[in-house]
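Participant: There's a structure below that I have some questions on.
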Amino acid sequence: MLLTLSVGAAKRVVKKVVKVAEPVVIQPQKQHPTAFAVITDRTTFTRCNEAILKYRDAVEYDGLSTYIIHADWQTPDEVRGMLQKLYGECPTLEGIVLVGDIPIAMVRNAQHMTTAFKMDEAKFPIYESSVPTDRFYDDLHLQFRFMQKDSANNQLFYYQLTEESPQSLQPTFYSARIKYPEGMGGDKYEGISAFLTKAANAKYQLKNNQMDEVVTYNGGSYNYDCLMVYMDEEKAYRENFPLAFRNGLSFKHWNFRMQDAMKYKIFSEMQRKDIDLFMFHEHGNPDSQLVNDNKKGTSSTLRYELFKANIYSSIKRHVERKGLDEDSLLLAMQKKFDLTPEFFKDYKNPDYWKKDSIEDADVYITLKDLDGRITNPTMVMFDACYNGSFHEKDQIAGRYIFNPGTTLVVQGNTRNVLQDRWTIEMVGLLSHGLRVGQYNRQVATLEGHLIGDPTVHFAPIKANSLTTDVVTRANDAAYWRNLLNSEYADIQCLALRKIADCDKQHTQAAFFLEKFKESTFNTVRMECLKMLSRYNDKHFMEAVRIGLRDPYERVARSCADYAGEIAAKELIPDFIETLMGDEERIRAQYALNNSLYLFDGEDIIRELQNYFDKSNRINVKEESKKAINALKNEFQDRLKRESIIFDKAKSDAARMSNIRMLRNYPRTGGIPRFLSFIADSGNPLVLRVAMAEALGWFNHSVERPAIINGCKTLLEKEQPSELKAELIQTINRLQ
């Protein structure tokens, strides 16, 4: 039973409703075209009542009819059931925020909906090999099977994605978490109340604030430190944030190379009160951000210092971990490397180790660094691994919103993520007034989340109705086609996405290819490419062929990946020409080299020889011989490793390892043998199931129809239940 109260009644009887066992639904005060819901637990509602109501009032002032729902939630299923009921009654519900102690779903059997997470669920502990995700709540299309409750943390519940479920993400509405990090100490209810109060106040203070102050930061070892990636990003930023390029201070494009310890400069910048968006492109952990890199030996002095530090640290580790005699080790190292006693004069000097420790710490921003720190950018983006791990007792993202500064929302990830994803896809929608949640819904991954207030938005460059239309006119293809005439790239990107969503019969591939060819917007071409990847046909292949040479590095890099996944013979000439001619784009080269071995080896070697025969490169004969011999050896080595899969004399562990490698390196040429492997009942069932799962990663292969037909043929015969389920899931992933 749902208990429906007016707002006034809620304020009067709050002490009574907390005793009601069923969820309590407080209806909106105001009627708007779209709606929003605050989902909270009963204790948080009671302890933070004034702040929750104040936040609700501000969100309604800002244009969203807002529900408040609270209960003593025992399981994620209870919350999801309530959301399904609410959405059924209010189909214009555009988003939710989960406040306080809302149960956390830890999802399994769905790694294909992450960008990079591929941990062996059978080998590693269930906590580590599951993905904490609120897609359980905001994507009502998905179907889950309950497994168990965590034995140590009563907030964690494990679920499997079912084989019959849709196998791709299409969130029904957006979501965010407001969960206080226990590691911060203090009263969590006071912390939540303080955040909701500042989020509410901001609705009135920032009503006319446009997206015109942006800072982006590239950390060490990210995207191979490729300067072409770094340079080309600005091509996109100029399309994303037109207002931010009015002067040299309103858009800052920072890089770890600027200082050995950039974090202090970052801390200063974070205190600016006018920054709208601060984007970190970096590596990370739940408790740290990698903002710099270890020193490189760029001079003889630095090389000496690094060598010295390495020797000192090696001795110290052996003493501390293995209990070896320190003086004996010092003498052994002196003899081994022909060093003088003077070299070791600082080994026992505490000032040396203190300096070394500080330099090491300066590479990272840690939780300790953030103690008492104020952050003021309205939104912060972390595209790093783990920085958004809201399931942990403490995490980076939470520290950015639970401080006295004005940061209202953070985008982060609960698990590791792929560097080569398009991390800034559609971020420019924020320049046109869309709420952060509406933007984030367009770029959903299983591990990607918002922490804070998802209803945050900026005043649009030009007045528009997109915030409402993205919900109420989502299926109006004609409306979105008309928006392709917009002068702004990100509005065109949104329109392209909606047109693709409306194309249920998959008839629009030629349209997207034409748009890809003609658009002068870098981000529009990239969005067209992504939409074409849904079609997996000749139009997609042609876009990949053309895109290998695209002037925007992001497009070229994506095409390098897609080319290997498709592995069509027709792509090889353009692929080889790009591989040999585009050596400056280091990260694109990395993708090209990974994809190279997914093609047929003989076809690649033949085309490479053709390239050299026509080339005017210096020492072409010598280079040709060396390159082709190296390729032949590498192809032979890879096929040899792959052959372990089929060798029944090898251990199951060795065979399994090579089957799992196919998830990262889906070699199309092996598909007939892979299907035969599944059909062979002489292979252990666990390996046959793993192979069926691996074939689900061939989602762009030119031989994808053969996999689907092969799996269907296998299902015509009686199969063990585990194998049957995996075959069904692979078919659903590839169709």
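The values are calculated or read from the model by the stated rules, or taken from the named source; none is laboratory data. Computed from a predicted structure; not experimentally measured. Reconstructed Cβ throughout: ideal geometry from the backbone, glycine too, with neighbour counts over all protein chains shown. The accessibility values were calculated without ligands, DNA or RNA, using every heavy atom of the protein model including side chains. Shrake-Rupley method; radii C 1.70, N 1.55, O 1.52, S 1.80 Å.
Participant: Top to bottom by accessible area (1.4 Å), largest first, where do Lys335, Lys355 land?
Facilitator: The ranking, largest first, comes out as Lys335, Lys355.
Participant: Let me ask you something else. Just to confirm the filter: which trypsin sites (Lys or Arg not before Pro) across segment 63-156 are DSSP coil and have at most 13 other Cβ within 10 angstrom of their Cβ?
Facilitator: Qualifying residues, ordered by number: Lys123.
Participant: Follow-up. In whole Hz, with x marking every Gly and Pro, tabulate ³J(HN,Hα) for segment 272-288 from phi via Karplus 6.51 cos²θ - 1.76 cosθ + 1.60, θ = phi - 60°.
Facilitator: 4, 8, 10, 6, 8, 9, 10, 10, 9, 10, 6, 9, x, 9, x, 10, 7
Participant: Going toward the positive end of the dipole of the chain, with +1 on Lys and Arg Cβ and -1 on Asp and Glu Cβ, which of Gly448, Thr340, Leu64 do you reach last?
Facilitator: Selected residue: Leu64.
Participant: Amide H to amide H under 5 Å from Met279: which residues, 5+ apart in sequence or cross-chain, H placed 1.01 Å off N in plane?
Facilitator: Long-range HN contacts for Met279: Val215, Thr216, Tyr217, Met381.
Participant: Using the Cα centre of the chain as the reference point, and only Cβ charges (+1 on K/R, -1 on D/E), how large is the resulting charge dipole? Debye, rounded to the nearest 20.
Facilitator: Working: 97 positive and 100 negative charges, 111 e Å.
Dipole of the chain, to the nearest 20 debye: 540 debye.
Participant: When each pair of different Cα atoms in segment 166-325 is counted once in the 1/r mean, what is the Kirkwood radius in angstroms, to one decimal?
Facilitator: That comes to 20.3 Å for segment 166-325.
Participant: Let me ask something additional. Pairs Lys198/Lys393; Lys179/Lys322; Lys569/Lys625; Lys648/Lys712: which exceed 32 Å Cα-Cα?
Facilitator: Result: Lys179/Lys322 exceed 32 Å.
Participant: For the chain, what relative contact order do you get, as a whole percent, if you take Cα pairs closer than 8 Å and at least 6 residues apart?
Facilitator: Computed value for the chain: 11 percent relative contact order.
Participant: What translational diffusion coefficient, in µm²/s and rounded to a whole number, does the Stokes-Einstein relation yield for segment 674-718 at 25 °C and a viscosity of 0.890 mPa s, taking the hydrodynamic radius as the Kirkwood radius over Cα pairs?
Facilitator: 227 µm²/s
Participant: Now for a different question. In debye to the nearest 20, how big a dipole does segment 580-733 give about its Cα centre with +1 on each Lys and Arg Cβ and -1 on each Asp and Glu Cβ?
Facilitator: Once rounded to the nearest 20, the dipole reads 160 debye.
Participant: To the nearest 10 Å², what's Asp260's accessible area with a 1.4 Å probe?
Facilitator: Surface accessible to solvent at Asp260 totals approximately 120 Å².
Participant: Provide the solvent-accessible area of Thr340, counting protein heavy atoms only and rolling a 1.4 Å probe, rounded to the nearest 10 Å².
Facilitator: Counting only protein heavy atoms, Thr340 exposes about 80 Å² to solvent.
Participant: Just the number, please: Stokes-Einstein D of segment 408-537 in µm²/s, Kirkwood Rh from C-alpha pairs, 37 °C, 0.692 mPa s. Before the final figure, lay out each step's value.
Facilitator: Details: Rh = 15.5 Å.
In µm²/s, the coefficient rounds to 212.
Participant: Order these peptides, 318-329, 500-511, by their mean beta-carbon neighbour count within 10 angstrom, highest first. Before the final figure, lay out the partial values.
Facilitator: Working: 318-329: 11.4, 500-511: 14.8.
Ranking the peptides 318-329, 500-511 by packing returns 500-511, 318-329.
Participant: 5 Å is the cut-off here: which amide hydrogens, built 1.01 Å from N in the peptide plane, fall below it relative to Tyr67, excluding neighbours closer than 5 in sequence?
Facilitator: So Tyr67 has HN proximity to Phe36, Ala37, Val38.
Participant: Relative contact order, percent, of segment 477-575 when contacts are C-alpha pairs under 8 Å separated by at least 6 residues? Walk me through the numbers on the way to the answer.
Facilitator: Working: 105 pairs, mean separation 19.6, N = 99.
Here the relative contact order equals 20 percent.
Participant: Loop-only check: which GluC sites (Glu not before Pro) in segment 430-527 are DSSP coil with at most 13 other Cβ within 10 angstrom?
Facilitator: Here the GluC sites (Glu not before Pro) that fit, given the DSSP loop and packing criteria, are Glu487.
Participant: As a test of reading the structure, rank Glu89, Glu642 by solvent-accessible area (1.4 Å probe, protein chains only), most first.
Facilitator: Largest accessible area first, the residues go Glu89, Glu642.
Participant: Same structure again: If you put +1 on each Lys and Arg Cβ and -1 on each Asp and Glu Cβ, how big is the dipole of segment 562-604 around its Cα centre, in Debye rounded to 20?
Facilitator: Magnitude of the dipole: close to 200 debye.
Participant: Using the Karplus equation 6.51 cos²θ - 1.76 cosθ + 1.60 (θ = phi - 60°), what ³J(HN,Hα) coupling, rounded to whole Hz, does each residue of segment 482-487 give in order, writing x for Gly and Pro?
Facilitator: For segment 482-487, the Karplus-derived couplings read 5, 6, 5, 7, 4, 7 Hz, x marking Gly and Pro.
Participant: State whether segment 527-590 is rounded, prolate or oblate according to the following rule on the C-alpha gyration tensor (a ≥ b ≥ c being the square roots of its eigenvalues): a/c under 1.5 gives rounded; otherwise a/b larger than b/c gives prolate, and the remaining case gives oblate.
Facilitator: Cα axes put segment 527-590 in the oblate bin.
Participant: I'd like the projected area of the chain, averaged over all directions, using the convex hull of its alpha carbons. Report it in nm² with one decimal.
Facilitator: 36.5 nm²
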